[in-house]
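Only one structure is covered here, and it is reproduced in the block below.
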Amino acid sequence: MRKGKRRNEFETTGSRPMYKSLEAISNNVEENIFWGSISGGRDDADLYARLIEQLRQYGKVLTEHVGNSSVEEDEKALSDKEIHDRDMEWLNECDYLVAEVTQPSLGVGYEIGRAVDLKKTILCLFRPQSGKGLSEMIRGAENGSTFIVKDYKESEAPTIFKQFFKEEL
Ligand SMILES: O=c1[nH]c(=O)n([C@H]2C[C@H](O)[C@@H](COP(=O)(O)O)O2)cc1CO
């Protein structure tokens, strides 16, 4: 697990931030978030599910629904406001954020902006082989510490996650 140096300003070594869920505090688990396109297009949904599976090694993934093939149907049970407010609550609770940004998504872009504002630690993953381009507003936010952008192939994801969670990226 990652140690102190990239912790956001609300966290201090040895104590849990106040906004974490009681479950996470009592079980002493990291809570992480995975983001990927939903309304923006589901072409990469199977990839999201595989990445989420890998992320489970590093703590609880609060947003597992992003990889579910039935997510659009499932989320119909909630209002837009409920989805937004739930996701913002998870954002407040979480330790680290991973966004697959190859498929452009307004929601993912919005969430990344909110996460930056909350001084969270963010990893954005982009696949150049897709032939798509990544927004300069994402690539240009890279700071080598709390906002990491990695061009990758799926086969490289395990190593990238290992390095990210060990603070070696
Ligand atoms: O039903 C939803 N549930 C949900 O959690 N989201 C969040 C999680 C995703 O990372 C992100 C996707 O945004 P978009 O739908 O604009 O592609 O927004 C988005 C939607 C649909 O907009």
task: With a ≥ b ≥ c taken as the square roots of the eigenvalues of the C-alpha gyration tensor of segment 50-91, please select rounded if a/c is under 1.5 and otherwise prolate if a/b is larger than b/c or oblate if it is not?
output: oblate
- request: Please compute the net charge surrounding S70, taking Lys and Arg as +1 and Asp and Glu as -1 over other residues with Cβ under 15 Å from its Cβ.
  value: -4
statement: accessible surface per residue for segment 32-112, probe 1.4 Å, DNA/RNA/ligands not counted, whole Å² -> 46
message: Need one number: the % of Cα-Cα pairs in segment 111-158 sitting beyond the 15 Å mark.
response: 46
Kirkwood Rh and Cα Rg combined as Rg over Rh, evaluated for segment 74-119: 0.97
task: Normalise the Debye intensity by I(0) for segment 23-169, one equal point scatterer per Cα, no solvent, then take log10 at q = 0.08, 0.12, 0.18 Å⁻¹ and round to two decimals.
output: -0.20, -0.45, -1.10
field: Label-point separation, E89 to A77 (7 Å along Cα→Cβ), nm
entry: 1.5
- prompt: How much solvent-accessible surface does R56 expose, in Å² to the nearest 10, with a 1.4 Å probe and all protein chains in place?
  reply: 100
- request: Determine by what factor the alpha-carbon radius of gyration of segment 51-136 differs from 2.2 N^0.38 Å, reporting the quotient.
  value: 1.13
- request: Just need the relative contact order of segment 60-138 here, percent rounded to a whole number, with Cα pairs under 8 Å and 6+ apart.
  value: 28
message: Checking the table K81/K166; K76/K150; K119/K162; K132/K162 against a 31 Å threshold on Cα-Cα, which pairs fail?
response: K81/K166; K76/K150
message: Accessible area of segment 86-134 with a 1.4 Å probe: how many percent of it is carbon plus sulfur?
response: 53
statement: Listed by chain and number, the residues whose amide H is under 5 Å from that of A99, excluding neighbours fewer than 5 places away on the same chain and using placed H, are W35, L123, C124, L125
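Want the number for Q129 to E168: 0.36 nm per residue separation, take away the alpha-carbon distance, what's left? Walk me through the numbers before you get to the answer.
On the way: separation 39, 0.36 × 39 = 14.04 nm, distance 2.44 nm.
Value of the extension gain: 11.6 nm.
The values are calculated or read from the model by the stated rules, or taken from the named source; none is laboratory data. It should be emphasised that the depicted structure is a prediction, and the values quoted were computed from it without experimental measurement. Every residue, glycine as well, gets a Cβ built from its backbone with ideal geometry; the counts of neighbours run over all protein chains shown. When the accessible area is computed, the model is the full protein with side chains, heavy atoms only, and any ligands, DNA or RNA have been set aside. Shrake-Rupley method; radii C 1.70, N 1.55, O 1.52, S 1.80 Å.
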